[in-house]
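Report on one structure; see the data block that follows.
The values are calculated or read from the model by the stated rules, or taken from the named source; none is laboratory data. Keep in mind that this is a model prediction, so the values were computed, not measured. Every residue, glycine among them, receives a Cβ derived from its backbone with ideal geometry; neighbour counts consider all protein chains shown. Surface areas here come from the heavy atoms of the whole protein model, side chains and all, with no ligands, DNA or RNA. Shrake-Rupley method; radii C 1.70, N 1.55, O 1.52, S 1.80 Å.
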Amino acid sequence: MRQDRDAEEPAEDQADLRAELKRLRKENAVLKQERDILKSRSLLRERRKSMSFAFIEAEKASSPISRMCQTLGVSQSGFFGWRKRPGLPGREAGSEMGRDPETRKVA
């Protein structure tokens, strides 16, 4: 019986199903990224914005900045403003987290 119904299904319905599947796969990918961000953020028990910004800076290669900002509840403009400020925590001359990977010295 199911085979008869599948054969009779209009191409329009199948196109709708494919579009829905594509949408759900995209949504699933976003949810996986958010889950991974929150798993990593478990190291940040304090909810200070500067800690969230430092985390985003450290993890920007692995996840989109916009997604991390949204997931952590901070604004992108706040993050980029934080990056421009001098004397940031975790960005001192000897700190690895705030330094450009290209300028880090290998010990």
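For region 58-103, what are the residues that are farther than 15 Å from Asp36 by Cβ, at pLDDT below 90 and surrounded by fewer than 12 Cβ atoms within 10 Å (Cβ to Cβ)?
Gly73, Arg85, Pro86, Gly87, Glu92, Ala93, Gly94, Glu96, Asp100, Pro101, Glu102, Thr103
With the requirement that a residue be more than 23 Å from the chain's Cα centre (by Cα), modelled with pLDDT under 90 and either open to solvent by 70 Å² or more (accessible area, probe 1.4 Å) or aromatic (Phe, Trp, Tyr) (or both), what does region 13-36 give you?
Within region 13-36, Gln14 is the sole residue that qualifies.
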